[in-house]
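Before any comments, here is the structure.
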Amino acid sequence: MISVIIAFYKRQDYLDLIFQSFELQSSKDFEIVIAEDNNAAETISFLEDARKTYSFPIRHVCQEDKGFRKTKILNAAVLASKGDKLVFIDGDCIVHRHFIKMYHKAINSHVFCYGRRALLSEEFTKKLLAKKSIQSLNYFSALLGGSKWMGAALYMPWKKNQHKQHRLILGCNWGVTRNNVLAVNGFDEDYERAGVGEDFDIDWRLKANGLKVHSMKNKAVIYHLHHPANYNEADTLFVENLMKEKKKAGHWFCLNGLVKK
């Protein structure tokens, strides 16, 4: 089974569209784990209704909103998950109907997989939210709606991808076995600013532990809902410097992860 871990913060309207896309999956062998970097009462109510509406299992982990602590809640979600394979997306990503099917085929003990994303335009995102439905979402409607990076939205399961080992995962679309996450001690909770700590850091540590990357471009397709950027240059620089220090120390089994050293 795949456990889909969704990093979530406040946008129930986005999450409802995401749930609609998971209800349409061609493979039903999955569960959803909501990793909420907050503990909003309205999330509890929303998920109670969602469990009555949708056919897939929904788990929920949360924590107090004390600033950016995404890596900490992702670790909690890993521990709460039941699947032997883990797929990570963000709470602003609608998935293609064969998303689970393609990750089931690709994830194995020797690789970790990464996909890319198409960026829905602000106007098209507003239309989906106003309709509260993804029924009108497809490649052509998104393209005509002014969306970007639409090459990543083409679903081509027959395509032979080049698995370029210098490529880095995006935290909004990647998958790995549960055992391989445990082997590097999960996510490093030292990253308490937004930037690259929740994806680029675990990328280098998985590679340092002997895994290869496997491209899922045009196979595991996602549409990224539009929202204002939530990163700033100072935080990104801080996180990049922190990761340089960690790489230099060679701690691919992080010291502040699932198990605290």
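The values are calculated or read from the model by the stated rules, or taken from the named source; none is laboratory data. All values reported here derive from a predicted model rather than from experimental measurement. Here the Cβ positions follow ideal geometry from the backbone for every residue, glycine too, while neighbour counts run over all protein chains shown.
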| Can you tell me which residues in region 163-187 are over 20 Å from ALA118 (Cα atoms), crowded, with 21+ Cβ neighbours inside 10 Å and at pLDDT below 95? | none
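Residue-wise test of (1) surrounded by fewer than 16 Cβ atoms within 10 Å (Cβ to Cβ); (2) more than 13 Å from the chain's Cα centre (by Cα); (3) part of a strand (DSSP E or B).
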site: SER3; (1), (2), (3): no, no, yes
site: ASP16; (1), (2), (3): no, yes, no
site: GLN20; (1), (2), (3): no, yes, no
site: GLN25; (1), (2), (3): no, yes, no
site: ASP49; (1), (2), (3): yes, yes, no
site: PHE56; (1), (2), (3): no, yes, no
site: ARG59; (1), (2), (3): no, yes, yes
site: ASP65; (1), (2), (3): yes, yes, no
site: LYS82; (1), (2), (3): yes, yes, no
| Is it the case that region 213-232 has a residue that's more than 24 Å from TYR103 (Cβ to Cβ), in a loop (DSSP other than H, G, I, E, B) and in contact (Cβ under 8 Å) with a residue 60 or more places away in the chain? | yes
